[in-house]
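Asker: Sharing a structure here in structure tokens format.
The values are calculated or read from the model by the stated rules, or taken from the named source; none is laboratory data. All of these numbers come straight from a predicted model, not from anything done at the bench. Don't worry about glycine lacking a Cβ; one is built from the backbone with ideal geometry, like all the others, and counts go over all protein chains shown. Side chains are part of the model used for accessible areas, which takes the heavy atoms of the whole protein and leaves out ligands, DNA and RNA. Shrake-Rupley method; radii C 1.70, N 1.55, O 1.52, S 1.80 Å.
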Amino acid sequence: MTDKERKRGIWRKIRIGLEALTMLYKIIPEGIIKMKLHRNRFKTGWVPMAQRYALLKSTGMQHDAGKGYCIIQPNVCIFNGDKLTIGNNVSINENSYLECKGKVEIGNDVMIGHGVSILSNTHNYNRIDLPMNEQGESSEKIRIGNNVWIGAKATILMGIHIGDNAIVGAHALVNKDVPPNAIVGGVPAKILRMRR
């Protein structure tokens, strides 16, 4: 049995419980949900992972629980979860940070390594007569295709599209679109080679 099959099996067993928990959380005020999510962020094990998932779903995160797993490891920060869409068989590892203000779409079979930053917004800075922290923000959608592996501590900036079957190397800064089947790495990320 592969790791993917094992995770799918566990997910199938707990799916109904997750859906019930999500429905329960939907009737609790949003402020309390966010507080519970923050408290639960650092806990390890399957039960806290299930709670994190249900809490995020109740705030608007899109994922079809009936088709595949979505594992969110401890200490993953997700802001504006209502603008996050996650495909099936997705793992987001520890210490990752997702700012979804401009929308983030993650495809199927995606592996997100430790400490990855996915940032769909940035501060405006064009005016020199006004402090940058008073100039507001810009945001753009990030799309991550199917069967993508994002290495540890990579950073993906707003407006980026990562094509299917791509690999983003550890510590890469992705500030340009990544074509399908490409392996990219570096700061800024460049195509190292294509997958055959």
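Asker: Would you mind stating whether residue 191 is modelled with pLDDT under 95, open to solvent by 40 Å² or more (accessible area, probe 1.4 Å) and of a type in the set (Val, Ile, Thr)?
Answerer: Working: modelled with pLDDT under 95: no; open to solvent by 40 Å² or more (accessible area, probe 1.4 Å): yes; of a type in the set (Val, Ile, Thr): yes.
So residue 191 does not fit the description; no.
Asker: Turning to a different aspect of this structure: Within region 97-112, is there a residue that is within 18 Å of residue 70 (Cα to Cα), small (Gly, Ala, Ser) and not in a loop (DSSP other than H, G, I, E, B)?
Answerer: No, that holds for no residue.
Asker: Give the residue that is surrounded by the fewest Cβ atoms within 10 Å (Cβ to Cβ), with candidates limited to residues of region 122-133 that are more than 20 Å from residue 172 (Cβ to Cβ) and of a type in the set (S, T, N, Q). Talk me through it step by step, then tell me what you get.
Answerer: Narrowing region 122-133 to residues more than 20 Å from residue 172 (Cβ to Cβ): 123-133.
Still in the list and also of a type in the set (S, T, N, Q): 124, 126, 133.
Working: 124: 13, 126: 7, 133: 9.
So the residue we want is 126.
Asker: Is there a residue in region 75-86 that is open to solvent by less than 20 Å² (accessible area, probe 1.4 Å), touching a residue at least 40 places away in the same chain (Cβ under 8 Å) and either within 29 Å of residue 48 (Cα to Cα) or in contact with a helix residue (DSSP H, G or I) (Cβ under 8 Å, 6 or more places away or on another chain) (or both)? If you could, list the steps in order and put the result at the bottom.
Answerer: Quick first cut of region 75-86, residues open to solvent by less than 20 Å² (accessible area, probe 1.4 Å) only: 76, 81, 84, 86.
Checking which are touching a residue at least 40 places away in the same chain (Cβ under 8 Å) leaves us with none.
There is no residue in region 75-86 that is open to solvent by less than 20 Å² (accessible area, probe 1.4 Å), touching a residue at least 40 places away in the same chain (Cβ under 8 Å) and either within 29 Å of residue 48 (Cα to Cα) or in contact with a helix residue (DSSP H, G or I) (Cβ under 8 Å, 6 or more places away or on another chain) (or both).
Asker: Quickly run through region 161-196 and pick out the residues that are small (Gly, Ala, Ser), in a strand (DSSP E or B) and closer than 19 Å to residue 87 by Cβ.
Answerer: So in region 161-196, the residues small (Gly, Ala, Ser) come out as 163, 166, 169-170, 172, 182, 185-186, 189.
Then drop every residue that is not in a strand (DSSP E or B), which leaves 182, 185.
Residues satisfying the conditions do not exist here.
Asker: From (1) open to solvent by less than 50 Å² (accessible area, probe 1.4 Å); (2) of a type in the set (Val, Ile, Thr); (3) farther than 30 Å from residue 31 by Cβ, pick out the condition that doesn't hold for residue 90.
Answerer: Going through the list (1) open to solvent by less than 50 Å² (accessible area, probe 1.4 Å); (2) of a type in the set (Val, Ile, Thr); (3) farther than 30 Å from residue 31 by Cβ, residue 90 breaks only (3).
Asker: Quickly run through region 15-47 and pick out the residues that are open to solvent by less than 70 Å² (accessible area, probe 1.4 Å) and more than 22 Å from residue 109 (Cα to Cα).
Answerer: Kept after step one, since they are open to solvent by less than 70 Å² (accessible area, probe 1.4 Å), are these residues of region 15-47: 17-18, 20-22, 25, 28, 31, 33, 37, 40-41, 45.
Those that are open to solvent by less than 70 Å² (accessible area, probe 1.4 Å) and more than 22 Å from residue 109 (Cα to Cα): 17, 20, 21, 22, 25, 28, 31, 33, 37, 40, 41.
Asker: Filter region 93-116 for residues that are of a type in the set (A, V, I, L, M) and either free of Cβ contacts under 8 Å to residues at least 12 places away in the same chain or open to solvent by 60 Å² or more (accessible area, probe 1.4 Å) (or both) and give the result. Walk me through how you get there before you give the answer.
Answerer: Here is the first cut: in region 93-116, the residues of a type in the set (A, V, I, L, M) are 98, 104, 106, 110-112, 116.
Listed by number, the list holds a single entry, 111.
Asker: Oh, and also: Tell me which residues, restricted to region 59-93, are assigned to a helix (DSSP H, G or I) and over 19 Å from residue 145 (Cβ atoms). Don't jump to the end; show me each part of the working.
Answerer: In the first step, residues of region 59-93 are kept if they are assigned to a helix (DSSP H, G or I); the result is 81-83.
Those that are assigned to a helix (DSSP H, G or I) and over 19 Å from residue 145 (Cβ atoms): 81, 82.
Asker: Tell me whether region 141-157 contains one or more residues that are open to solvent by 10 Å² or more (accessible area, probe 1.4 Å), under 19 Å from the mean Cα position of the chain (by Cα) and over 21 Å from residue 84 (Cβ atoms).
Answerer: no
Asker: Here's a follow-up. Just to be sure I understand the filter: pairs with C-beta atoms under 8 Å, separated by 6 or more residues or on different chains, first member in region 158-171 and farther than 20 Å from residue 141 by Cα, second member assigned to a loop (DSSP other than H, G, I, E, B) and of a type in the set (Val, Ile, Thr). Which pairs pass?
Answerer: Once the first residue is farther than 20 Å from residue 141 by Cα and sits in region 158-171, its partners that are assigned to a loop (DSSP other than H, G, I, E, B) and of a type in the set (Val, Ile, Thr) give 171/187.
Asker: Since residue 136 meets every condition but one in (1) farther than 21 Å from residue 109 by Cα; (2) open to solvent by 50 Å² or more (accessible area, probe 1.4 Å), which condition does it not meet?
Answerer: (2)
Asker: Looking at this structure, is residue 12 open to solvent by 90 Å² or more (accessible area, probe 1.4 Å), in a helix (DSSP H, G or I) and either among the hydrophobic types (A, V, I, L, M, F, W, C) or free of Cβ contacts under 8 Å to residues at least 40 places away in the same chain (or both)?
Answerer: So residue 12 fits the description; yes.
Asker: Check whether at least one residue in region 51-58 is without any contact (Cβ under 8 Å) to a residue 60 or more places away in the chain and part of a strand (DSSP E or B), and report yes or no.
Answerer: Pass one, region 51-58, residues without any contact (Cβ under 8 Å) to a residue 60 or more places away in the chain: 51-58.
Restricting the remaining residues to those that are part of a strand (DSSP E or B) gives none.
No: zero hits.
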